[in-house]
Amino acid sequence: MKSAAKAQQAEDSTDTGAQQIRDAIREAIVERRLSPGTKLSESDVGNLFNVSRTLARAALQALSYEGLVSVEKNRGAFVAYPSPEEARQIFSARRLVEPGILREAAARITPDDITHLRQLLLEEGRLMSERGQTARRAEIKASGDFHLTLAVISGNSIMQRFMEELVARSSLVIALYGQSTASSCGHSEHGDIISAIEADELDRACQLMLHHIAHIEADLDLRERKSLGLKEAFEL
């Protein structure tokens, strides 16, 4: 019995360690500190987090299930490089999911939750006025936190995890295909959504959310490009 208990403890410790690494790498992707195509070798990840390659492999495998990491045979793991079609599917999923999350959140929301959302907006607005890569990364995270907070308020832990994946994958898409240097998630639109929830205008809040997601997607250049050969590429 003791050996079985020890084995279970070791397994739980491995799961916890892998999850912490997974969460840290996911956060780096959301903040766009890790770009699409970045190599994530097991040895480098293990050394960075001071864990075994086995634990690093488990974390990278978990991220691959979420579509955030691509594991290639004989080449290793890389931050995923979503195609234009994958990008369209990610935003299609958000249009299907987020109005439902918003309605569930509105049914449970408290005055303290509204205050917290407003504080997120204040922080996002403050960061928008600052310059530099650090401020930009923090602004991107604050923007994604608005959507994740609504999922938390909804009380649906499955949807919360799903939104974490969608926000992270959206960040990859925006890093690859985004055209403007403006906020990837309209700051004023967040405020309009909160105001509609406060006024109990849920249909309007859902329409604002759909418009908001469409606005983010409209800033992406998802045109298919014909691949050129080496000679053709330098003849342009």
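Has the stretch 114-123 got at least one residue that is open to solvent by 40 Å² or more (accessible area, probe 1.4 Å), in a helix (DSSP H, G or I), modelled with pLDDT under 95 and over 29 Å from ILE25 (Cβ atoms)?
So far as the stretch 114-123 goes, yes, one or more of its residues are open to solvent by 40 Å² or more (accessible area, probe 1.4 Å), in a helix (DSSP H, G or I), modelled with pLDDT under 95 and over 29 Å from ILE25 (Cβ atoms).
Out of the stretch 25-57, which residues are of a type outside the set (Asp, Glu), open to solvent by 40 Å² or more (accessible area, probe 1.4 Å) and more than 23 Å from TYR177 (Cα to Cα)?
Residues satisfying the conditions are SER43, ASN47, LEU48, PHE49, ASN50, VAL51, SER52, ARG53, THR54, ARG57.
Does any residue of the stretch 149-164 turn out to be open to solvent by 80 Å² or more (accessible area, probe 1.4 Å), of a type outside the set (Asp, Glu) and at pLDDT below 80?
no
So that you can scan it fast, the table gives a plain yes or no per residue for (1) at pLDDT 95 or above; (2) open to solvent by 20 Å² or more (accessible area, probe 1.4 Å):
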site	(1), (2)
TYR81	no, yes
ILE109	yes, yes
GLU139	no, no
PHE146	no, no
SER170	no, no
VAL173	no, no
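For the stretch 86-105, does any single residue satisfy the condition of being over 23 Å from ILE140 (Cα atoms) and surrounded by 20 or more Cβ atoms within 10 Å (Cβ to Cβ)?
Among the residues of the stretch 86-105, not one is over 23 Å from ILE140 (Cα atoms) and surrounded by 20 or more Cβ atoms within 10 Å (Cβ to Cβ), which makes the answer no.
I'd like the full set of residues that are within 21 Å of ARG161 (Cα to Cα) and aromatic (Phe, Trp, Tyr), limited to the stretch 49-69.
Correct list: TYR65 only.
The values are calculated or read from the model by the stated rules, or taken from the named source; none is laboratory data. The structure presented is a predicted model; accordingly, all values stated were derived computationally and were not measured. Neighbour counts run over all protein chains shown; Cβ positions are idealised from the backbone, glycine included. These area figures cover heavy atoms from the full protein model, side chains too; ligands, DNA and RNA do not enter into them. Shrake-Rupley method; radii C 1.70, N 1.55, O 1.52, S 1.80 Å.
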